[in-house]
Amino acid sequence: GNSVTQMEGPVTLSEEAFLTINCTYTATGYPSLFWYVQYPGEGLQLLLKATKADDKGSNKGFEATYRKETTSFHLEKGSVQVSDSAVYFCALILYSGGYNKLIFGAGTRLAVHP
Amino acid sequence: ETGVTQTPRHLVMGMTNKKSLKCEQHLGHNAMYWYKQSAKKPLELMFVYSLEERVENNSVPSRFSPECPNSSHLFLHLHTLQPEDSALYLCASSQGAGQNTGELFFGEGSRLTVL
């Protein structure tokens with residue numbers, strides 16, 4: 001079946017530390033991959049995406065590279081800020097006639113302290 | 001208004017009440033979704049509507065009843081809920097066929113508490 005596995009949180013870091021949140025997936029074919037972020041009290045927002053192998057998605061200093069050989073899409077940021085504290089969701093997409101179906105991981109909570 | 005708007009933001013109801021959650025999107029999308037977000041669980045896809053037709057129903061109990069009167073509005077009617085139904089209910093929308101950008105646009109959610 002299709003599924004997404006993320007590292008369990010919470011991840012607690014000091015400001016300016018390096019961040020890695022691991023994500024691996026199982027899917028038939030080669031799905032597009034996404035990272036969504038949920039800030040406290042808000043809905044989910046698309047952070048970045050990659051649609052094919054070796055693509056690198058990037059946004060707001062975050063990056064993730066689509067690795068087909070390891071079926072992974074790890075999220076990284078070189079220097080985190082307090083404002084990055086949120087829950088991060090890795091997801092893959094299945095295309096169906098007429099709509100997109102996102103399969104999410106369980107989410108990883110990131111807490112950044114000054 | 002722009003984006004996806006959900007009302008109410010917070011709802012407390014008893015197990016015998018009937019209430020509804022409302023979602024409205026102003027993005028011109030033609031697919032809409034209900035997701036359930038419970039503590040320490042992955043997001044669960046409940047229902048999908050594409051062009052106002054229900055295309056997915058993931059074994060959701062009948063006490064949840066969706067309605068999509070047009071491509072801009074989506075409702076979730078709630079009846080005889082259980083305490084374990086307490087969760088954040090997220091609505092989302094996206095472009096449909098031929099527009100597979102993969103991006104779903106989410107509302108801020110309706111926090112439901114069942115007493």
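Just to be sure, is A:Q38 touching a strand residue (DSSP E or B) at 6+ places or on another chain (Cβ under 6 Å), without any contact (Cβ under 8 Å) to a residue 60 or more places away in the chain and at the interface with chain B (Cβ under 10 Å from one of its Cβ atoms)?
Against the criterion (touching a strand residue (DSSP E or B) at 6+ places or on another chain (Cβ under 6 Å), without any contact (Cβ under 8 Å) to a residue 60 or more places away in the chain and at the interface with chain B (Cβ under 10 Å from one of its Cβ atoms)), A:Q38 does not qualify.
Whether any residue in the range A:95-104 is under 22 Å from B:K36 (Cα atoms), touching a residue at least 12 places away in the same chain (Cβ under 8 Å), part of a strand (DSSP E or B) and among the β-branched types (V, I, T) is what I want to check.
yes
So which residues in the range B:27-46 are buried (at least 16 other Cβ atoms within 10 Å of the Cβ) and away from chain A (no Cβ under 11 Å)?
Answer for the range B:27-46, where residues must be buried (at least 16 other Cβ atoms within 10 Å of the Cβ) and away from chain A (no Cβ under 11 Å): B:W34, B:K36, B:M46.
In the range B:12-26, which residue that is in contact (Cβ under 8 Å) with a residue 60 or more places away in the chain and touching a Ser or Thr at 6+ places or on another chain (Cβ under 6 Å) is surrounded by the fewest Cβ atoms within 10 Å (Cβ to Cβ)?
B:V12
If we keep just the residues of the range A:24-49 that are small (G, A, S) and either touching a Ser or Thr at 6+ places or on another chain (Cβ under 6 Å) or over 26 Å from B:G109 (Cα atoms) (or both), which is least open to solvent (accessible area, probe 1.4 Å)?
Here the residue is A:S32.
Could you look through the range A:84-101, keep only residues that are within 17 Å of B:S93 (Cβ to Cβ) and surrounded by 24 or more Cβ atoms within 10 Å (Cβ to Cβ), and pick out the one that is modelled with the lowest pLDDT?
A:Y99
Residue check: is A:T65 open to solvent by 70 Å² or more (accessible area, probe 1.4 Å) and farther than 24 Å from B:L90 by Cα?
For A:T65, the condition - open to solvent by 70 Å² or more (accessible area, probe 1.4 Å) and farther than 24 Å from B:L90 by Cα - is not met.
Restrict the check to the range A:13-22 and report whether at least one residue is modelled with pLDDT under 95 and either open to solvent by 30 Å² or more (accessible area, probe 1.4 Å) or under 30 Å from B:R111 (Cβ atoms) (or both).
The answer is no; no qualifying residue exists.
Read through the list (1) within 17 Å of B:G107 (Cβ to Cβ); (2) more than 10 Å from chain A (Cβ to nearest Cβ); (3) more than 13 Å from the chain's Cα centre (by Cα); (4) not polar (S, T, N, Q), then give the number of the only condition that B:G3 fails.
(2)
Pick from the range B:72-96 the residues that are open to solvent by less than 40 Å² (accessible area, probe 1.4 Å) and within 12 Å of chain A (Cβ to nearest Cβ): which of them is farthest from B:L43 (Cα to Cα)?
Here the answer is B:G96.
Within the range B:9-24, track down each residue that is more than 12 Å from the chain's Cα centre (by Cα) and either part of a loop (DSSP other than H, G, I, E, B) or under 22 Å from B:S71 (Cβ atoms) (or both).
Hits for the range B:9-24 are B:R9, B:G14, B:M15, B:T16, B:N17.
Within the group A:T51, A:T24, A:T20, A:T28, which residue is more than 10 Å from chain B (Cβ to nearest Cβ) and over 11 Å from the mean Cα position of the chain (by Cα)?
Only one candidate passes the filter, namely A:T28.
Among the residues of the range A:50-62, which ones are within 16 Å of A:K77 (Cα to Cα), open to solvent by 70 Å² or more (accessible area, probe 1.4 Å) and not small (G, A, S)?
A:K56, A:K60
The values are calculated or read from the model by the stated rules, or taken from the named source; none is laboratory data. Here the structure is a predicted model, which means the values were calculated and not measured. Quick reminder, even Gly has a Cβ in these numbers, built from the backbone with ideal geometry, and neighbours come from all protein chains shown. Only protein heavy atoms, including side chains, enter the accessible area calculation; ligands, DNA and RNA are left aside. Shrake-Rupley method; radii C 1.70, N 1.55, O 1.52, S 1.80 Å.
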